[in-house]
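The values are calculated or read from the model by the stated rules, or taken from the named source; none is laboratory data. Note that this is a predicted model, so its numbers are computed, not measured. Positions of Cβ are generated from backbone atoms using ideal geometry, with glycine treated the same way; all protein chains shown enter the neighbour counts. Just the protein is used for accessible areas: all its heavy atoms, side chains included, with ligands, DNA and RNA removed. Shrake-Rupley method; radii C 1.70, N 1.55, O 1.52, S 1.80 Å.
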Amino acid sequence: MFLINCPYCGERDQSEFSAGGEAHIVRPKQPTELSDDQWAEFLFMRKNIKGVQFERWNHIHGCRKWFNMVRDTSNDKIHTVYKMGEKPPIK
Amino acid sequence: MSEKLRITNNKFIDQTSRISFKFDGKKLYGFKGDTLASALLANNIHLVGRSFKYHRPRGIMTCGSEEPNAIVQVGNDPSMTEPNTRATEIELYEGLEASSQNCWPSVNFDIGAVNNFFSPILPAAFYYKTFMWPGNFWKVYEYFIRKSAGLGKSPTKPDGDIYDHKYLHCDVLVIGGGISGIMAAKTAAKNNLDTVLIEDKNTLGGTTLFQQNECFKINNSYSNEWLMKEIQSLSSLKNLKIKTRTSLAAYHSYNYLLARENLTDHLDIDQKKGKIRQRLWKIRAKKVIIATGAMERPLIFNNNDRPGIILSSSIKKYIDFYGVKCGQKISLFTNNDSAYETAISLSKSGVNVNSVVDIRDKTNSLIVKQAEKLGIKIHWKSTVVNTNGYKKINSIEIIKLSDDGTSVIGKKINEKCDCLGISGGWTPRVHLFTQSGGKLKFRDKDNIFIPDKSDLDQLSIGSCNGDFELDDVINNSVNSTNKFLNVNNNDYENLKIISSKEINKKNIWLLPSDKPLGKTKPFLDFQNDSTAKDIKLALREGFKSIEHVKRYTTTGMATDQGKLSNMHALGIIAETAGVKMGELGTTTFRPPYTPLTFGAIVGRNVGEFFDIKRRTPIHEWHVENKAKFENVGQWKRAWYYPKGNENMHEAVQRESKAARDSVGILDASTLGKIDIQGTDASEFLNRVYTNAWSKLEIGKCRYGLMLNEDGMVYDDGVTTRLGENHYIMTTTTGGAANVLSKLEDYLQTEWPELDVYLTSVTDHYATVSVCGPNSKKIVSKVIPNLDLSDDKFKHMSFKNALINNIKCRVMRISFTGELSYEINVQSSYGKSVWEKCFEAGKEFGITPYGTETMHLLRAEKGFIITGQDTDGTMTPVDLQMDWIISKKKYDFIGKRSLYRSDTIREDRKQLVGLLTDDPKEVLEEGAQIVADINKKPVEMLGHVTSSYFSPNLNKSIALAVVKNGKKLKGKKMLVPMKNKNINVTITDTIFLDKENRRLNA
Ligand SMILES: [Zn+2]
């Protein structure tokens, strides 16, 4: 059970959060101009990294804010959290 | 009680308070402070169960949580009885009733014991291999297996006990109240750290508490006397919390731990009532110190499982702590020094020690010399090759070992005994460390796995870290605790310690015998009855991985999770396969460390607290009017209102007819409601719904369909424009929370530039829906000032109104195809508005209807219910709702997916209507639809999604999804059922009032 440092609320129990998959996948601005393959890339393809991964999380039973997290999936170590729209810290 | 098995000068057991208890129906006595196991041993009862496969008699083997044999059923009460509890952990109380498990009909006469004589044909995986075939015989086998091998009985009634959950936060959590745990806790607390010490036994002190031996001294006192003073000093520490009878169940990442505290299990039966039985602590600790100690290993030799064969250190605890002699003539068998401590304790308590059989060459450590001084006979470099006695051991056979330890030489010595203590060395309890993600390393010199790397802020100290000798335990604990806590103030830095040191080490995983391996029974996993032979068989049959061998032989898979057997299994695999143990790796230890009751896991979340029940503000009225309810998510919704003896079908037929012929009334308060405000609200709706919203006038309503990004229908509902920048969206009852989350997600992450605010107002408003040709008359009576004329209040529009000065919103929208009004009012007025409408409708025979009638009415009109007629694989095109997809909008959620190669396929499953050839025949929802039943394999073209008998059409109607359905209109299909094939015809989805005349009736 993680202890997650919500960028808005501070440290809270994992049970207050929900995970939202890979971060920094931008919804295409002109979907109609994409080929099926390009659209499928956005829609379906997600990384499944063993190691450091960028993820979206939502403080769903708290402030309800979405934010990003850098987490090592091999040992669950959370390296950092940062707000939506902020630049990801360089690896 | 057999008095001669009790010694009288004992400081831990109160021999003045006699307790009566029952075991297998027989009344027995013990003392306050006994465990069930110590009391049974004091009564000379060793035989407590039968083994799982061969039903061999088994006796108490340990004094703790690793006990594999003494697994008992506690209590007879159908709600309180508890299976699979360890007699070694049950504190004796007045009125305790326990019985043996896994023996039928009784522990002394056991039918399954014939398996023992057939054991040559019961090798590893026998159950897998034999009972798999023939398949339909499984029922017979299962009965036999369950009856003869069932591990305990489940309670048949609800658990009457109270359980609790509580959170705990601390700077330092110390797990284990032995000598190193006590020292660490005291050091932490003295350095102003908020400290919690937990111990699963009822007293602190571990094994040092009863270690009174010349060879182990601290500052010139016996180690136990020194420790007792330390324990007394703990009570003065303000920031130290001590929890005894508390067992650490699970250690998760981020130092999140679960511990179970036993509060009443040790109390007399009449004192348990009304109290919380167990509490599950949810602990978040900044730092964790693990001081869980070590477990003694058994030795693996022929017939090592007879009752009366007990771990040497347990025999020591029974005599030194409980004052119970495990026998009168005890032999010991060891590969290390610790058995000599037991021999000395027994000898000093007046128990006859026959001899110590030691596989090592003669050694001269302090403790061995002391044993020799007491005249204890030692068989050096020897092994036990066999034991005798059926229900209790009565002798052992000893032979000298060869130099390389792989065979035996010389003459066999027969030694009579009534108990055999065995010691195969020590295994650190690293279970919690590995549960937390820690990695182990193998230490060759004594064949143990010890903690290596961990990502958490934690420390292992004492014998769980591989320190087994008193001076090492103390000195290493002190140093590492200081460093770990970053403190200097430690009471224990300059202690004068005397400790016997083990000089000679030797280990043989599978001890040789004078008989070939095939003729012996060297048990490894006592509870699951697997032997060293089974492991070797698995290796011969090609299994290599420890995880596979474990599952194939079931070694380590019983309720004790192989606490005693894992290391030997690994050792024998390594030896046989010729690999190093350190390279083999270990099996994974999973939580809980010891079994948890379901009660402790669920805590207070039972009965009405199991899940939230949401009730509408009008709920009471439905109850008073005898509604039947159905669960829709967490909501309790009125399902139908039977009159007199009506069944559901009759009630629904009556309600459905009344709503179309005159007027019906429905509680629609559960519909999700989201208040949307902001200057970009219209643009936002444009992006989330498939149709266009910018041109919706203030005061108008519009139906919207929401897709997932993959183009599949997600939710639907009517949204009303209340003002320039203000909308109210309705969602399905079940989808409300998810829709809000999804919309929030897009707003926060994809479109942060939009000025839009979302608020859930589902619970804020009650919704009364009045439906039917007479609905207008009723609303005009309830709200006389509201002009309901068709040109002033059109279909799909909304008006603000007042009912007795209470503001309400009236929407003229319809989910049934009838003229309908939905009155939304602040929740607290919901019931009175409902009652007003009902009163006003009496002259028209107003009929309350529930969700079932609502579903029937909308099906007559071919309106979908998302989640019933859709399942996450239906696009709006599949639903024949192309009209709702805006051609003009550049983008909306899911738009691009509507013309992916897969979504534009014409032969997708599509929503159609179905009419049965026999109008009385009602299809079953979920029934399959086929075109040709004779062509094998029969192709399933689709299934029925909604099906009703329509009283308004006087025939059966259904909605279905059918492959290529749009093009099959008019085609005949079959719905094959168990006893018959039903003939159906594919039709349009709208069965009633295609022209929408009723909306303006
Ligand atoms: Zn937050």
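Odds and ends about this structure:
- Matching option when the condition is farther than 30 Å from residue B:212 by Cα, in contact with a helix residue (DSSP H, G or I) (Cβ under 7 Å, 6 or more places away or on another chain) and either open to solvent by less than 40 Å² (accessible area, probe 1.4 Å) or modelled with pLDDT of 95 or more (or both), among B:539, B:470: B:539
- Selection count where residues are under 21 Å from residue B:266 (Cα atoms) and of a type in the set (A, V, I, L, M), scope the range B:231-254: 3
- Residue match in the range B:291-305 (condition: part of a loop (DSSP other than H, G, I, E, B), out of contact with any strand residue (DSSP E or B) (no Cβ under 6 Å at 6 or more places or on another chain), within 14 Å of another protein chain (Cβ to nearest Cβ) and touching a residue at least 60 places away in the same chain (Cβ under 8 Å)): no
- Hey, residue B:626 under 19 Å from residue B:951 (Cα atoms), assigned to a loop (DSSP other than H, G, I, E, B), open to solvent by 70 Å² or more (accessible area, probe 1.4 Å) and at pLDDT 95 or above or not: no
- Index of the failed condition, residue B:481 passing every other in (1) outside the structural domain of residue B:364 (by TED's automatic domain parsing); (2) open to solvent by 10 Å² or more (accessible area, probe 1.4 Å); (3) modelled with pLDDT of 90 or more: (2)
- Positions within the range A:1-44 being among the charged types (D, E, K, R), facing chain B (nearest Cβ under 8 Å) and within 30 Å of residue B:167 (Cα to Cα), in sequence order: A:13
- Count of residues meeting criterion [touching a Phe, Trp or Tyr at 6+ places or on another chain (Cβ under 6 Å) and polar (S, T, N, Q)] in the range B:18-58: 2
- Residue B:641 meets each of the listed conditions (1) in contact (Cβ under 8 Å) with a residue 24 or more places away in the chain; (2) open to solvent by 100 Å² or more (accessible area, probe 1.4 Å) apart from (2).
- Elements of type strands (runs of 3 or more DSSP E) contained in the range B:734-837, each with 1 or more residues being open to solvent by 10 Å² or more (accessible area, probe 1.4 Å), more than 14 Å from chain A (Cβ to nearest Cβ) and in contact (Cβ under 8 Å) with a residue 12 or more places away in the chain: B:765-771, B:797-803, B:806-812, B:820-826
- Residues in the range B:585-608 that are assigned to a helix (DSSP H, G or I) and more than 18 Å from the chain's Cα centre (by Cα): B:608 only.
- Residue satisfying all of: in the range B:71-107; part of a loop (DSSP other than H, G, I, E, B) and under 30 Å from residue B:518 (Cβ atoms); modelled with the lowest pLDDT among these: B:104
For every residue, the table says whether it meets (1) touching a strand residue (DSSP E or B) at 6+ places or on another chain (Cβ under 7 Å); (2) hydroxyl-bearing (Ser, Thr, Tyr); (3) at pLDDT below 95.
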site	(1), (2), (3)
B:885	no, no, no
B:888	no, no, yes
B:912	yes, no, no
B:923	yes, no, no
B:935	no, no, yes
B:945	yes, yes, no
B:950	yes, yes, no
B:961	yes, no, no
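- Taking the numbered list (1) in contact with a Cys (Cβ under 7 Å, 6 or more places away or on another chain); (2) open to solvent by less than 10 Å² (accessible area, probe 1.4 Å); (3) assigned by TED's automatic domain parsing to the domain that holds residue B:420 in turn, residue B:360 passes all entries but (1).
- Residue match in the range B:690-713 (condition: open to solvent by less than 10 Å² (accessible area, probe 1.4 Å), within 13 Å of chain A (Cβ to nearest Cβ) and at pLDDT 95 or above): yes
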